[in-house]
Amino acid sequence: MITVSDVSLHFADRKLFEDVNIKFAPGNCYGLIGANGAGKSTFLKVLSGDIKPSTGSVKLGPNERLATLKQNHFDFDDYTVMETVIMGHDELYKIMQEKDAIYMKPDFNEEDGLKAAELESKFGEMGGWEAEGEASQMLQGLNIPEELHQEKMSTLTAGQKIKVLLAQALFGKPDVLLLDEPTNGLDVDSIDWLEEFLINFENTVIVVSHDRYFLNKVCTYMADLDYGKIQLYAGNYDFWQQSSELAQQMKQDQNAKKEEKIKELQDFIARFSANASKSKQATSRKKMLDKITLDDIQPSSRRYPFIKFVPNRDIGNDLLQVKDLSVSIDGKQIFKNVNFILKKDDKVAFLAKNDTVTTALFRVLSGDLVPDSGTITWGVTTSQAYLPKDFSTMFNEETPIIDWLRQFAEKGEDDDTFLRGFLGRMLFSGDDVTKMVNVLSGGEKVRVMLSKMMLLKTNVLMMDDPTNHLDLESITSLNDGLIDYKGSILFASHDHQFIQTIANRLIYLTENGVVDRADTTYDEFRSNDQVEKQIAELDK
């Protein structure tokens, strides 16, 4: 358990949160949510002791251990993978080092023997003899093969290092586990493994994530950082979002009968409670939801951007034909013999083991990269708008947002009045529209890029990892906007819910070809044994 008492954090120019009083109890996973800049990651640092609060205290239970997901993997380059994981249990690792140092002494004496025996006893009590086996299981669950476990961290790829640091945080059954964006950089199989680990974890977990599917799968409570306070809600992210929207509707709709709105909210709570997740926590979660009263649910201060793509014309019979496409970058083969034909109304999610593959395809389709061989043919009635994974070069100049966007507006939509209103709906209000594009945050730049794409009114949208940098509110708005879009979409994403709710066709790219499935959902695609066999054959 971790107890937060009267915690406040003030900086010179702002107050992040004030008078926070919460007990985070064992057996629960708490999803810490809040708008960008609300202070989620900062609150985790207060809980871990990395930041001292302005007032109040944070206390662990007696003899309890807290673990955090570290972000800088370069700190461990001189250690082996196995050492790095076991270092997650600091006391156990120190005992290992101390006893190994004693055994290495050339003048080992009786006193050393007694000290070594004492350390061996402590080592055994702390599960030291099972440590390497536990660490190895975790690493293999995260797709770090056994042959790498004794290699130096410096030899691993950046993606592999991220997985090792995650295993480090999880190692040794910590009493309190703090995870800041744990799914970043993970492949689908590793995310699945992490979800199952957290569902079955018996101690306390507090997690920050922009992955709605992940929050829905693992969380029993949402800890909502809003109005400078943190309030707990029983249930997962979907329950918090939908109940908060209903509460907001009740607050705003002054003409409706209050009794009708109350009945609507009560019915919603009952339905959600009945459909609680089938995970290990289902029974306890249902009990929590059954106890919710109307006073427990408050409207959120969150603001959602208005995202709506309207194509300027319908697509004819032909959308896109890709024939015998092969691409290499810096002499390395990325993929070859890629063939597919897309139809109008296709909303295609492109998947691959490595992001390099999907990004290379989008760069070719957009004309940014010349393939080694093959052809791409767009239908004559198509028009495309493209959101690349890396758009940093588009924002190098000191240009106000409103002027940067003006160049993409058609006549009649290029005046200040229209653009200010348009940007206001994308959460750039007042003087925000005169901010220079080169100083915008990652999330702000994505919202500006999405604004550009809306103004272009194309009938084909190409998006390479569009949820990257966005907060949960913007992801939700973009998700809804793409579901409603009447044109065709080609996209790559790591967001499970995004793919599941938008795509009606899945194309998995390998180095040697594609596996193409139309009229299927992401969940159906992933559970299809035949698809798995085809991918394995192409990966040989």
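The values are calculated or read from the model by the stated rules, or taken from the named source; none is laboratory data. All values derive from a computational prediction rather than experimental measurement. For neighbour counting, all protein chains shown are included, and Cβ atoms are generated from backbone atoms with ideal geometry for every residue, glycine included. We work out accessible area using only protein heavy atoms, side chains counted, and drop any ligands, DNA or RNA first. Shrake-Rupley method; radii C 1.70, N 1.55, O 1.52, S 1.80 Å.
Here's a check for you: in the stretch 305-325, which residue that is in contact with a Lys or Arg (Cβ under 7 Å, 6 or more places away or on another chain) and closer than 14 Å to Gln384 by Cβ is most open to solvent (accessible area, probe 1.4 Å)?
Among those residues, the one meeting the criterion is Asn312.
Which residues, counting only those in the stretch 193-216, are under 18 Å from Tyr237 (Cα atoms), in a helix (DSSP H, G or I) and of a type outside the set (Lys, Arg)?
Leu194, Glu195, Glu196, Leu198, Ile199, Tyr213, Phe214, Leu215, Asn216 - these are the residues of the stretch 193-216 that are under 18 Å from Tyr237 (Cα atoms), in a helix (DSSP H, G or I) and of a type outside the set (Lys, Arg).
So, in the stretch 333-373, how many residues would count as being over 27 Å from the mean Cα position of the chain (by Cα), farther than 19 Å from Gly513 by Cβ and assigned to a strand (DSSP E or B)?
Total meeting the criteria: 0.
Tell me which residues, restricted to the stretch 508-532, are open to solvent by 60 Å² or more (accessible area, probe 1.4 Å) and closer than 19 Å to Asp192 by Cβ.
Listed by number, the residues that qualify are Asp523, Glu524, Arg526, Ser527, Asp529, Glu532.
Ile499 versus (1) closer than 22 Å to Asp189 by Cα; (2) in contact with a Ser or Thr (Cβ under 6 Å, 6 or more places away or on another chain); (3) not in a helix (DSSP H, G or I): which is the lone unmet condition?
Exception for Ile499: condition (3).
Just checking, does the stretch 26-34 include any residue being among the aliphatic types (A, V, I, L, M), buried (at least 21 other Cβ atoms within 10 Å of the Cβ) and within 25 Å of the chain's Cα centre (by Cα)? Quick ask: steps written out before the conclusion?
Taking the stretch 26-34 first, the residues among the aliphatic types (A, V, I, L, M) are 32-33.
Of the ones still in play, those that are also buried (at least 21 other Cβ atoms within 10 Å of the Cβ) are 32-33.
Of the ones still in play, those that are also within 25 Å of the chain's Cα centre (by Cα) are 32-33.
There is at least one residue in the stretch 26-34 that is among the aliphatic types (A, V, I, L, M), buried (at least 21 other Cβ atoms within 10 Å of the Cβ) and within 25 Å of the chain's Cα centre (by Cα).
Within the stretch 90-110, restricting attention to residues that are among the charged types (D, E, K, R) and assigned to a helix (DSSP H, G or I), which residue is surrounded by the fewest Cβ atoms within 10 Å (Cβ to Cβ)?
Applying the first criterion (among the charged types (D, E, K, R)) to the stretch 90-110 yields 90-91, 94, 98-100, 105, 107, 110.
Now restrict to residues that are assigned to a helix (DSSP H, G or I): 90-91, 94, 98-100, 110.
Details: Asp90: 12, Glu91: 11, Lys94: 12, Glu98: 14, Lys99: 20, Asp100: 11, Glu110: 7.
Looking at the filtered set, the residue picked out is Glu110.
Spot the failing condition for Asp226; the list is (1) out of contact with any Ser or Thr (no Cβ under 8 Å at 6 or more places or on another chain); (2) in contact (Cβ under 8 Å) with a residue 12 or more places away in the chain, and only one is missed.
So the condition that Asp226 fails would be (1).
Just one of Tyr233, Tyr227, Tyr221 is among the hydroxyl-bearing types (Ser, Thr, Tyr), surrounded by fewer than 20 Cβ atoms within 10 Å (Cβ to Cβ) and closer than 23 Å to Ser48 by Cα; which is it?
Checking each option against the conditions leaves just Tyr227.
Within the set of pairs 6 or more residues apart or between chains, which connect a residue that is within 19 Å of Thr434 (Cβ to Cβ) inside the stretch 403-414 to a residue that is hydroxyl-bearing (Ser, Thr, Tyr) and open to solvent by less than 30 Å² (accessible area, probe 1.4 Å) with Cβ atoms less than 9 Å apart?
Leu405/Ser451; Phe408/Ser451
Being open to solvent by less than 70 Å² (accessible area, probe 1.4 Å) and within 31 Å of the chain's Cα centre (by Cα) is the filter here; which residues of the stretch 395-418 pass it?
Passing the criteria: Phe395, Thr399, Pro400, Ile401, Ile402, Trp404, Leu405, Phe408.
Inspect the stretch 471-479 for any residue being without any contact (Cβ under 8 Å) to a residue 60 or more places away in the chain and farther than 14 Å from Tyr522 by Cβ and give the result as yes or no. Talk me through it step by step, then tell me what you get.
Within the stretch 471-479, the subset without any contact (Cβ under 8 Å) to a residue 60 or more places away in the chain is 479.
Filter once more, keeping what is farther than 14 Å from Tyr522 by Cβ: none.
For the stretch 471-479, residues without any contact (Cβ under 8 Å) to a residue 60 or more places away in the chain and farther than 14 Å from Tyr522 by Cβ: absent.
Evaluate the stretch 163-175: report whether one residue or more is assigned to a loop (DSSP other than H, G, I, E, B), open to solvent by less than 60 Å² (accessible area, probe 1.4 Å) and under 19 Å from Phe43 (Cβ atoms).
yes
Which condition breaks for Phe11 when tested against (1) more than 30 Å from the chain's Cα centre (by Cα); (2) aromatic (Phe, Trp, Tyr); (3) surrounded by fewer than 18 Cβ atoms within 10 Å (Cβ to Cβ)?
It is condition (1) that Phe11 fails.
Determine which member of the set Ser244, Ser300, Ser279, Ser328 is modelled with pLDDT under 65 and surrounded by 12 or more Cβ atoms within 10 Å (Cβ to Cβ).
Going through Ser244, Ser300, Ser279, Ser328 in turn, the sole match is Ser279.
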